[in-house]
Amino acid sequence: MTRKNRIRAAVVTATALVTAATVSVGVSQAGGSRTAHEPSKKQIAGLFDRWNAALRTGDPEKVADLYAKDAVLLPTVSNRIRTDRAGIVDYFERFLQNKPVGKKVETIVNVLDTDSAVDTGIYEFTLTDPKTGAKRVVEARYTYEYEKRGGTWLIVNHHSSAMPEG
């Protein structure tokens, strides 16, 4: 085989490999398989632990830091929708007075792509009345929608509502 033919064969082989890789990635993404850069369901579910740890600090600013600037919060124990940082901080200033300790009961995670995921399910909070010290458990449904922004997973939508039959 001449040098020219060897080069031509190498180019054809390289083109075939690139085409195969492109088709493979396309099939993988279309078929719903996890790509190398997508987070695992366990990683997304673990973002709750980060949020719950921020609650335990008692600092509403630290909790609000986990939300995107344009996040929407539909909180558990407030009728007001919070759509900016000030509103989110305001909610957590009140909520944190009850020293909430959260625990997931059931979780379902859907990784949408490399930069977005949804964690939904049921959680419960043990709340302590700041005046009496009495504890109560509130069971609620939740949905966290996360987006990776600037390399950090942030909450862009958070809905939490007390269980209607609880």
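In the calculated pair distance distribution of the range 47-122, what percentage of Cα-Cα distances lie above 13 Å?
70 percent
Starting from the Cα of K99, draw a straight line to each of the aspartates and glutamates and keep only those under 19 Å, dropping any in the same chain fewer than 8 residues away.
D49, D59, E61, D65, D90, E124, D129, E139
Defining a contact as two alpha carbons under 8 Å apart and six or more residues distant in sequence, what relative contact order in percent does the range 62-134 show? List each step's numbers first, then the result.
On the way: 85 pairs, mean separation 16.9, N = 73.
Averaging sequence separation for qualifying contacts and normalising by length gives 23 percent for the range 62-134.
All other residues with a Cβ under 15 Å from the Cβ of A140 taken together, and with Lys, Arg as +1 and Asp, Glu as -1, what is their net charge?
Working: positive: K103, K104, R136, R141; negative: E106, D119, E124, E139, E165.
That works out to -1.
D90: net charge of surrounding residues, Cβ under 12 Å, Lys/Arg +1, Asp/Glu -1, itself excluded?
Net local charge, D90 excluded: +1.
Determine which lysines satisfy two conditions relative to K148: a Cα distance under 24 Å, and not lying fewer than 8 residues away in the same chain.
K41, K42, K62, K69, K103, K104
Read-outs throughout are calculated quantities, based only on the coordinates presented, and are distinct from any laboratory measurement. None of these values were measured; they are calculated from a predicted model. Neighbour counts are summed over all protein chains in view; Cβ atoms, including those assigned to glycine, are modelled from backbone coordinates with ideal geometry.
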